[in-house]
Each structure stands twice: as structure tokens, then as C-alpha cells.
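Notes for the one structure printed next.
Values quoted throughout were computed directly from the atomic coordinates according to the rules given, and no laboratory measurement underlies them. Please read these numbers as outputs of a predicted model, since none were measured by experiment. Don't worry about glycine lacking a Cβ; one is built from the backbone with ideal geometry, like all the others, and counts go over all protein chains shown.
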Amino acid sequence: MKYKLCLMLFSIAVLWQGCYYDNEEELYQHVQDEPCNVTTATYAADIAPILLAYCTRCHRNGREDGGVNLEGYDKVKPYVNDGSLFGTTNHDAGFSPMPPSTAKIPACDIEKMRLWIADGAPNN
């Protein structure tokens, strides 16, 4: 009797897993390659929204995880100057990957950040 009960429970578990469905587009929406035709980036239009979307939930006034605050240009600039803003978001070796335990932010956002930094990271 125990054998039949175990077999029945195992079969239900297998069937339950077989019915599980994930929408690949929803799961990997930020990983998919999207066209990125940017040639310039500004702090106000491009970088601040990226930081708001991916960084300031944990790195802001009142919650400075790791002692890092990225709320506002003046607080972001030191991390640009020491290379850690780009290094962490691009998951470069020697930097703690951010956001942690997830894939990198979209490649187009990283490219915007790279362009902005290459332009001297102006407060524009």
C-alpha cells in the first residue's frame, strides 16, 4: 500500500511540474538583444532613468547598501571617476556585479552609460 501511495504522489508531482509554464519573453525580457542605435547619452535623459530603474532601490538616501548612494548626480560622479559605476553594471572582473544575483542590465543601457562616461560624464 505504501508503495502505491508513493508512486501516486510521485506521479502527481511529475505531472504538476509538466504543467508548469513560463513565458520566455517575460522571463528573459532584459536579456534579449534589442536594437541599440545610440550615439550620445545625457545624465538627465538616459543615466538617471537607468539608475532609478536598477540601482536606487538599494543605493539611495535612507538606504545606502554597501555604503553606496546613487541618488543625484553629485553622488554618482565619484563612482564614475573611480570606474566602479561602469565596472559593476557591466559585471567587469574585480567589481561586485550589480544588480546582484541577476543578469546584467540591458546592453543598450550599458552602452548609454559607456557613451556618457566617455563624454566626461557631464551633468546634462
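Taking 0.36 nm per residue of separation and subtracting the Cα-Cα distance, full extension of the segment from residue 117 to residue 45 would add 24.5 nm. Evaluated with a Cβ-only charge set (Lys, Arg +1; Asp, Glu -1), the stretch 38-124 carries a dipole of roughly 140 debye about its Cα centre, given to the nearest 20. Going from the residue with the fewest nearby Cβ atoms within 10 Å to the one with the most, 92, 74, 109 rank 74, 92, 109. Among 95, 86, sorting on how many other beta-carbon atoms sit within 10 Å of each Cβ, with the fewest leading, yields 95, 86.
Backbone N atoms of the stretch 45-74 closer than 15 Å to the 7 Å Cα→Cβ label point of residue 96 belong to residues 55-60, 63-70. Annotation for residue 103 and residue 77: the two label points, set 7 Å from Cα along the Cα-Cβ direction, are 3.5 nm apart.
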